[in-house]
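Participant: There's a structure below that I have some questions on.
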Amino acid sequence: MVTSRRSRRGNLVALVADDERLRELVGQWPGEPVVVQDLAPSTGWDHKVWVVAGRIFAGLRHSELAVGEQFPSQVVGELPCGWSELALRVVEVFDLDVYGVDILDVGGAPLIVDVNAFPGYEDSRPLQQPWPTSQPRSPPARSPRA
C-alpha cells in the first residue's frame with residue numbers, strides 16, 4: 001500500500017501489487033513523497049478518532065481501499081474497549097493537543113495506521129456530538145523535552 005505523506009483531500013492512497021502499478025503511480029504522482037505500508041486485513045471501515053484537548057470524538061469511514069459499494073460515514077456511539085486510551089497515548093509520542101488518529105480493526109485488535117497533526121474531516125457530525133464517554137480526560141504526562 002502506498003499513501004502520500006501529505007494530508008489533503010484527494011491524496012494518493014493505492015494498492016501496489018506489482019512493478020507495473022508502481023511505475024504507473026510514479027508517472028501520475030511525480031515527486032510525491034510517500035509512505036509504504038503493508039496492507040492490514042480489516043473490516044473495510046476506518047475508525048476516525050479526533051482528540052481535542054483530551055476529549056475524544058469518533059466516526060467510521062468506509063475505507064478508500066474497500067472494493068464494492070462505498071457507504072457514507074457514520075457517527076460512532078462508542079469505541080471498543082481500550083481504543084480511546086490508545087488514541088490518547090499518541091500525545092506521549094507526538095506532543096499534540098489537537099490530532100486525528102486512523103485506527104483499523106484487525107481481528108478485534110486496534111492498529112493505528114495514521115496520525116494527523118492537523119486533522120481535516122469530511123463529516124462534522126462526530127465533532128458536533130461527542131460519544132457518551134468522551135468526558136475531557138487528562139492526557140498522559142508528557143516527558144520533558146531534551
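Participant: Residue check, Leu60 against (1) part of a strand (DSSP E or B); (2) aliphatic (A, V, I, L, M); (3) modelled with pLDDT under 85, all met but one. Which one?
Facilitator: (3)
Participant: Something else about it: List pairs: first in region 52-76 and under 20 Å from Leu39 (Cα atoms) and small (Gly, Ala, Ser), second at pLDDT below 85 and outside any loop (DSSP other than H, G, I, E, B), Cβ under 8 Å, 6+ apart or cross-chain?
Facilitator: Within 8 Å, the pairs are Ser63/Trp45; Ala66/Trp45.
Conditions (1) assigned to a strand (DSSP E or B); (2) at pLDDT 70 or above, marked per residue:
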residue	(1), (2)
Leu79	no, yes
Leu88	no, yes
Val91	no, yes
Ile112	yes, yes
Pro130	no, no
Ser143	no, no
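The values are calculated or read from the model by the stated rules, or taken from the named source; none is laboratory data. Every value quoted in this text rests on a predicted model; they were computed, and no experiment measured them. Positions of Cβ are generated from backbone atoms using ideal geometry, with glycine treated the same way; all protein chains shown enter the neighbour counts.
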